[in-house]
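A.B. asks: This is the structure, below, for whatever I ask next.
The values are calculated or read from the model by the stated rules, or taken from the named source; none is laboratory data. These figures come from a predicted structure and were not determined experimentally. Every residue, glycine as well, gets a Cβ built from its backbone with ideal geometry; the counts of neighbours run over all protein chains shown.
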Amino acid sequence: MAEQETLIEFPCDFPIKVMGETHDDFAATIVALIRQQLPEFDASRVEMRASSGGRYISLTCTVYVTSKPQLDDIYRTLSAHPMVKFTL
């Protein structure tokens, strides 16, 4: 099986957007999920923004990844969690 082509050059800093309903533990949960794949992930690299109505929250988590499979694993871990509505 051939390796998939990607326009991203690794290693790199990569911003991941994670959206979910507003919850007190949302940011801490997302950081913990990322740390399952990247134990050295720095929580200060998370930017938080609430929706205008306050029902939803968006996090931009900038992660340092070394390969596409590593990035894919992070997306899979985040997307599988019930608090996460979607990721970009």
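A.B. asks: Given the structure, is residue 24 charged (D, E, K, R) and in contact with a helix residue (DSSP H, G or I) (Cβ under 7 Å, 6 or more places away or on another chain)?
C.D. replies: Details: charged (D, E, K, R): yes; in contact with a helix residue (DSSP H, G or I) (Cβ under 7 Å, 6 or more places away or on another chain): no.
The answer is no for residue 24.
A.B. asks: While we're looking at this one, here's another question. For segment 53-88, give me the residue count where each residue is β-branched (Val, Ile, Thr) and assigned to a loop (DSSP other than H, G, I, E, B).
C.D. replies: First pass over segment 53-88, keeping only residues β-branched (Val, Ile, Thr): 57, 60, 62-63, 65-66, 74, 77, 84, 87.
Then keep just the ones that are assigned to a loop (DSSP other than H, G, I, E, B); that gives 66.
Residues that pass the stated criteria total 1.
A.B. asks: If you take the residues in segment 13-52 that are surrounded by 15 or more Cβ atoms within 10 Å (Cβ to Cβ) and over 16 Å from residue 81 (Cβ atoms), which one is farthest from the chain's Cα centre (by Cα)? Explain how you work it out, then say what you get.
C.D. replies: Residues of segment 13-52 that are surrounded by 15 or more Cβ atoms within 10 Å (Cβ to Cβ), as a first pass: 14, 16, 18-20, 26-27, 29-31, 33-34, 37-38, 41, 45-46.
From what's left, over 16 Å from residue 81 (Cβ atoms): 14, 45.
Details: 14: 9, 45: 11 Å.
Once the filter is applied, the top-ranked residue is 45.
A.B. asks: Based on this model, can you work out whether residue 86 counts as of a type in the set (Phe, Trp, Tyr) and surrounded by 14 or more Cβ atoms within 10 Å (Cβ to Cβ)? It would help to see each step written out before you state the result.
C.D. replies: On the way: of a type in the set (Phe, Trp, Tyr): yes; surrounded by 14 or more Cβ atoms within 10 Å (Cβ to Cβ): no.
Here the answer is no, as residue 86 does not meet what is asked.
A.B. asks: Name the one entry in 35, 45, 55 that is under 14 Å from residue 71 (Cα atoms) and at pLDDT 95 or above.
C.D. replies: Values: 45 fails: under 14 Å from residue 71 (Cα atoms); 55 fails: under 14 Å from residue 71 (Cα atoms).
Matching residue, one of 35, 45, 55: 35.
A.B. asks: Being out of contact with any Phe, Trp or Tyr (no Cβ under 9 Å at 6 or more places or on another chain) and touching a residue at least 60 places away in the same chain (Cβ under 8 Å) narrows it down to one of 26, 86, so name that one.
C.D. replies: Details: 26 fails: touching a residue at least 60 places away in the same chain (Cβ under 8 Å).
It is 86.
A.B. asks: Being more than 13 Å from residue 12 (Cβ to Cβ) and in contact with a Lys or Arg (Cβ under 8 Å, 6 or more places away or on another chain) is the filter; apply it to segment 60-83 and report the residue that is surrounded by the most Cβ atoms within 10 Å (Cβ to Cβ).
C.D. replies: So, considering only residues that are more than 13 Å from residue 12 (Cβ to Cβ) and in contact with a Lys or Arg (Cβ under 8 Å, 6 or more places away or on another chain), the one surrounded by the most Cβ atoms within 10 Å (Cβ to Cβ) is 61.
A.B. asks: If residue 55 satisfies every condition in (1) surrounded by 12 or more Cβ atoms within 10 Å (Cβ to Cβ); (2) touching a residue at least 24 places away in the same chain (Cβ under 8 Å) but one, which is the exception?
C.D. replies: Residue 55 satisfies all of (1) surrounded by 12 or more Cβ atoms within 10 Å (Cβ to Cβ); (2) touching a residue at least 24 places away in the same chain (Cβ under 8 Å) except (1).
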